[in-house]
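> First, the structure itself, so that you have it in front of you.
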Amino acid sequence: MALVRVISSDGAAFLVSQRLAKRSGKLKTEIETFRKSSDNSEAQPEIRIVTIRAEILRLVLQWLQQHQNDPVLPANQNEQDGRGDAEMGQSQWDRDFLAPMDLGIVMELILAANHLEVKGLLDITCKLVESKITGRTVDEIRTAFKLKSDFKGNEEEQTRLENRWCVEN
Amino acid sequence: MRNPKHLELLEFYIPPELVDKILVCITEHNTLLRCRLVCSKWKRFTDEILEKHHLSSLTQWNFDSNLKYPSLSPPIFVYRERSGTKWTDLLAVLPSALRGTKLWSPFPQNYLAIIGFQESHKNDENMSCPQVQLKPTVQTQEKNNLAIPTNLKHLEILNCDEYLTESVVPLFSQQLVSLKIGGLDYEGSLALGNSVNLKQLFIHEINVMEFEELINDAKALPQLEYLSVIMSSQNVFWQEKHKILNCLSKVSESLTHLRLKVEVEVFQRLLNEYAVIFSNVSFLEIACSTPNIHEESLKENLLPWFPKLKSVSVKSIPQKRFLQDRECLLCGEIGPEFNPARLNLL
């Protein structure tokens, strides 16, 4: 079985099958680039992912392992309405997988899924974050996402006034 | 191990495309409104999403949700004040923070809604909003003063009088892609002019004469695909019903979606008399008082005039309501259904 060594930003190496790795668009490209540039067809590719730390990379690979037989979703699927396949594609395994994660981990997972081009994982993590936003107050959202208001002048107040005209009862 | 400082930094730098991807999953309207207040980046993305949601109603037809009062309530209200025998048209700009800067609908970049204000509400003590007196005609200068977006594509004018409607619509007729007009309360004439880009036209609570005037020149509406016509009263003479079909015949070629408030039987008799073929209409929606109409059978019956018909939807409403002006069918859209209590929020 052809293998590839994937190395996280903090130096942890993961040895995975190339078949599994190729379910990530980014890793697939890297493996193919390596093949084209290497004289030795037996050589084992080594891919360093400088933006993803070990804990997150392990989670991505774990998710890929679980979904290795799923059809590969094109990156632009459902682009028209902007929605992913999270609702129709989320399994009980996915729910159990995501359940113990705090928002920070989920956000890192979103960034990793985006960087590695793993659409299915990206969809379900975005959907999870959405569920953590819905129903929350502005302050709760800011706290959860560690965001600060950067509105200038009376822009925030003006936005509040605009909102009052649009609230659905 | 997780480095809290690293994580904090990371979360401040979520790439814009991912913020968009997360926010687009949100379907609850009020949550989206709250997202507008989080920070400027979130506001920018949320506004685009809200605009997309709102404008989708132009092409995704559904009686139950389509005819609702627009979720993006307008910041502009128009009403008329009388001093002795003289009437003055006033433009109320809400909320007050918008005065002189942005007078258009809060979110979209190319959408404007203007809703006529009820005379009975003008003395509401909460109506302490800035007011702008309109001149007899809205010329270019007034257009600029209104700060209406120059790329305006979608215009909604509900419950306004002839003066405002006749003044505003022609200013933008060439650039509009969609136009919703409802609750016209006058006997003037409104011509759409050369609306070469107009694809969606919703005319609700309009009388036959006004409808004729609007659709008079078919060449002016070469791209019209969606037409929704709800007459103000169905108790019209047979002769007038002919006029309605005559108007429809002028735009029959380009239409793909048609909505009418008409008795099915009457409609079929008119179609029989007029050899009008709606060659591209695939979706037909009818509001009528006849109960239990079998949609599939109706579709079969209509195929000679609608050869590409894929879907017929019939909304049955009680006879009494069917004949009423300010039809309950438009519940929540205009007129008495508008809740002035919203003003209290200011």
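> Got a number for residues in the range B:23-41 being part of a loop (DSSP other than H, G, I, E, B), crowded, with 21+ Cβ neighbours inside 10 Å and more than 7 Å from chain A (Cβ to nearest Cβ)?
Number satisfying all stated conditions: 0.
> To continue, here is another question. Is there a residue in the range A:124-143 that is within 17 Å of the chain's Cα centre (by Cα), facing chain B (nearest Cβ under 7 Å), open to solvent by 20 Å² or more (accessible area, probe 1.4 Å) and in contact (Cβ under 8 Å) with a residue 12 or more places away in the chain?
Among the residues of the range A:124-143, at least one is within 17 Å of the chain's Cα centre (by Cα), facing chain B (nearest Cβ under 7 Å), open to solvent by 20 Å² or more (accessible area, probe 1.4 Å) and in contact (Cβ under 8 Å) with a residue 12 or more places away in the chain, which makes the answer yes.
> If A:ALA75 satisfies every condition in (1) buried (at least 16 other Cβ atoms within 10 Å of the Cβ); (2) closer than 22 Å to A:GLY25 by Cα; (3) modelled with pLDDT under 90; (4) within 13 Å of the chain's Cα centre (by Cα) but one, which is the exception?
(1)
> Also, quick follow-up: Would it be correct to say that A:LYS146 is more than 7 Å from chain B (Cβ to nearest Cβ) and either surrounded by 15 or more Cβ atoms within 10 Å (Cβ to Cβ) or modelled with pLDDT of 90 or more (or both)?
Against the criterion (more than 7 Å from chain B (Cβ to nearest Cβ) and either surrounded by 15 or more Cβ atoms within 10 Å (Cβ to Cβ) or modelled with pLDDT of 90 or more (or both)), A:LYS146 does not qualify.
The values are calculated or read from the model by the stated rules, or taken from the named source; none is laboratory data. Just so we're clear, the structure is a prediction, and the values are computed from it rather than from any experiment. We place every Cβ from the backbone using ideal geometry, glycine too, and count neighbours over all the protein chains shown. Side chains are part of the model used for accessible areas, which takes the heavy atoms of the whole protein and leaves out ligands, DNA and RNA. Shrake-Rupley method; radii C 1.70, N 1.55, O 1.52, S 1.80 Å.
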